[in-house]
Amino acid sequence: MTDGRIPAAVLFDRDGTLVEDVPYNGEPSRVVPRPGARAALVLLRRHGVRTGVVTNQSGVARGLLTMAQVHRVNQRVERLLGPFDVWAVCPHGPQDGCACRKPAPGLLLAAARRLGVPPDRCVVVGDIGSDMAAAAAAGAAGVLVPTPVTRPEEVRAAPCRAPDLLAAVRGLLVAAPAVPGTVGEESR
């Protein structure tokens, strides 16, 4: 996954991964961390791993949110989960054809560049296939943490998966996962 080395940076999807997915959320009070998110981030920071968030926010393009609302929600995420080294936000809609909207690699490449980290030393943790596709397109590793909205074909296609955020991070901080293709799960 990361050639046996601890990644230099872990880039997280925001909605559905770090925090509960509230579609087009522009209200900071509605931000609720996903189980294990804070513990996972504390563990990464203790190991000196840089952290970032890469998030599509098409509500801006759709006129449902303003960038000011997105920033306020992001600030709430930081207050609840601690500071991130980088934020990369795509405000475009699916039909805009931009290079930043996941599954395109633009957000990840921009975040890696701002961190001064080669993309192949980054891991992307997300809950849907477009997060994994963006990781692959950027040359980064990807770990899928499925939720009820993750489609079965996305789970099957994931290069690596974990049952939850804390298991994903623990798996990234060891040289070899317990089960090939899966991090943080015990052999059954």
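The values are calculated or read from the model by the stated rules, or taken from the named source; none is laboratory data. Computed from a prediction, not measured in an experiment: that's the story for all the values here. Note that we place each Cβ from the backbone using ideal geometry, even for glycine, and neighbour counts take in every protein chain shown. We work out accessible area using only protein heavy atoms, side chains counted, and drop any ligands, DNA or RNA first. Shrake-Rupley method; radii C 1.70, N 1.55, O 1.52, S 1.80 Å.
State to the nearest 20 debye the size of the charge dipole of the chain about its Cα centre, where the only charges are +1 on K and R beta carbons and -1 on D and E beta carbons.
Numbers: 22 positive and 17 negative charges, 91 e Å.
In debye, rounded to 20, the chain gives about 440.
Quick one: Kirkwood hydrodynamic radius for the range 61-139, alpha-carbon pairs, angstrom, one decimal?
13.6 Å
Which order do Ser29, Ser58 take when ranked by solvent-accessible area (1.4 Å probe, heavy atoms of all protein chains), largest first?
Correct descending sequence by accessible area is Ser29, Ser58.
In the chain, carbon and sulfur make up what percent of the accessible area (probe 1.4 Å)?
On the chain, the fraction of accessible area on carbon and sulfur atoms equals 53 percent.
Which percent of Cα pairs goes in each bin when the distances of the range 1-155 are cut into 10 angstrom slices starting at zero?
12, 43, 39, 7, 0
What is the ratio of the Cα radius of gyration of the range 111-177 to 2.2 N^0.38 Å, with N the residue count, to two decimals?
1.09
Only Lys, Arg, Asp and Glu count, each charged at its Cβ (+1, +1, -1, -1), so figure out the dipole size of the range 74-128 about its Cα centre, rounded to 20 debye.
100 debye
Tell me, what is the per residue accessible area of the range 39-188 in Å², probe radius 1.4 Å?
46 Å²
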